[in-house]
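Below: one structure, written as structure tokens.
The values are calculated or read from the model by the stated rules, or taken from the named source; none is laboratory data. Keep in mind the model is a prediction, meaning the values are calculated, not measured. No Cβ is skipped: glycine too gets one built from the backbone with ideal geometry, and neighbour counts run over all protein chains shown. Just so you know, the surface numbers come from the protein's heavy atoms only, side chains and all, with ligands and any DNA or RNA stripped out. Shrake-Rupley method; radii C 1.70, N 1.55, O 1.52, S 1.80 Å.
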Amino acid sequence: MKPQKPRPGVLSRNRRRASLIVAVGLSTSLLVAPAAADPTPTPAPVSPVPRPAATSDPVETAQREAKRQNKQVEIDALNTENSTTVATSNGKTLGTYVYSAPIRVKKDGAWAAIDTTLVEEDGIVRPKVSKVEVTLSAGGDTTLARTKTGKGEAAVGAPTALPKPELSGSTATYRSAYGPGIDLVVTVTPTGLRQEVVIPQRPDGKLDLRLPVKLPTGVKYGKDASGKPTLPTVDGDGKAAPLTPALLLDKTAASPDAPPDAGRMSTVAATVEQTGKGSVLRYTPDEAFLADPATTYPVTLLMDATPWYGAGMPADTFINSGTWGTGAPNQYMDALVAGKTNDGAI
């Protein structure tokens, strides 16, 4: 019997089996071993999405801390140059302390506590931290103090070359700057400085105390309708006011422990002289006051040594119809006088 030829399109049983084996083998190999030319990519590590930093209200934070600590907590964000705001211990209410003079100042965008302690460096004397940029002489020259204003530099001087100062806290003492035994004492404040001439004993004759002043360019002393000198507003609107008289206090009146009407006090009007180098304020204390046996020594003359303040003073004052006539600079006093002046007359 002759073997039959396979019909076209029909595989023999053996060939079909081989084909199935091959097919199955290919399928298995594809599942088990992917082609090296087309690898499956490895997923990159996923970084967590950054969350914004948690923020909190400074007032609420201070209130929580105040309640937790059972004490006041300062709120820096609400502070100003002359006020401090705190959250009170109950954690609900706020309180604000207001000061008559600045207690802090902005330095490089942050608050810095004012510290008028004087230090000497680079040939000058200056306060550590002050609202006013003021420097004092370290001795050897006639320029006592310099400062910057909105219209330029202002300066006050001394009649002769100054000695090296003795520094103590905010005070610089220039010994015998106004003659043998007559000291010049300068105290730096948060907003400027205070200048005192201390007369240790009764002088033999008339005193003529001079204070050279350099005002910014274009600013000068003037006169009012009565001929009294006026002080221009350095950083203001150009208006002027009468030049504040100096105060003359004997030892008893200057004592912080004495009653307000104790001791003897007087005023010393200033006259202005113009020189080639600028202006000079002249103070001539009353000879009768200095010679009076009731006057106790040392006597202190409190000069207006701050031309950068402009007209008026950034401190307490009082006005009466007696011998004062105009506002008296109570920033030099340890108490406010109510009802009568220090001589008890009014």
Can you work out ³J(HN,Hα) from phi for every residue in the range 244-256, in order, using Karplus 6.51 cos²θ - 1.76 cosθ + 1.60 and θ = phi - 60°, giving whole Hz and x for Gly and Pro?
5, x, 7, 9, 10, 10, 7, 4, 5, 5, 7, 6, x
In order through the range 282-293: 3J(HN,Hα) via Karplus (6.51 cos²θ - 1.76 cosθ + 1.60), integer Hz, x for Gly, Pro:
10, 10, 10, x, 4, 5, 5, 5, 5, 8, 4, x
Using amide H atoms built in the peptide plane, which far-off residues or other-chain residues are under 5 Å from residue 144 H to H?
156, 157, 158
The ³J(HN,Hα) series, computed from each phi in the range 94-105 with the Karplus coefficients 6.51, -1.76 and 1.60 at θ = phi - 60°, rounded to the nearest Hz and given as x for glycine or proline, is 10, x, 10, 9, 10, 10, 6, 10, x, 10, 8, 8
With +1 on the Cβ of every Lys and Arg and -1 on the Cβ of every Asp and Glu, the dipole magnitude of the range 161-230 about its Cα centre, in debye rounded to the nearest 20, is 240 debye
Quick check: pseudo-label points 7 Å beyond the Cα along Cα→Cβ at residue 112 and residue 241, how many nm apart are they?
3.0 nm
Would you mind getting the accessible area per residue of the range 95-242, heavy atoms of the protein chains only, 1.4 Å probe, in Å²?
51 Å²
Taking the Cα centre of the range 133-183 as origin, work out the dipole magnitude from +1 charges on Lys and Arg Cβ and -1 charges on Asp and Glu Cβ, in debye rounded to 20.
80 debye
Are any of the pairs 148/214; 164/277; 148/220; 128/164; 67/106; 164/220 more than 21 Å apart by Cα-Cα distance, and if so, which?
164/277; 67/106; 164/220
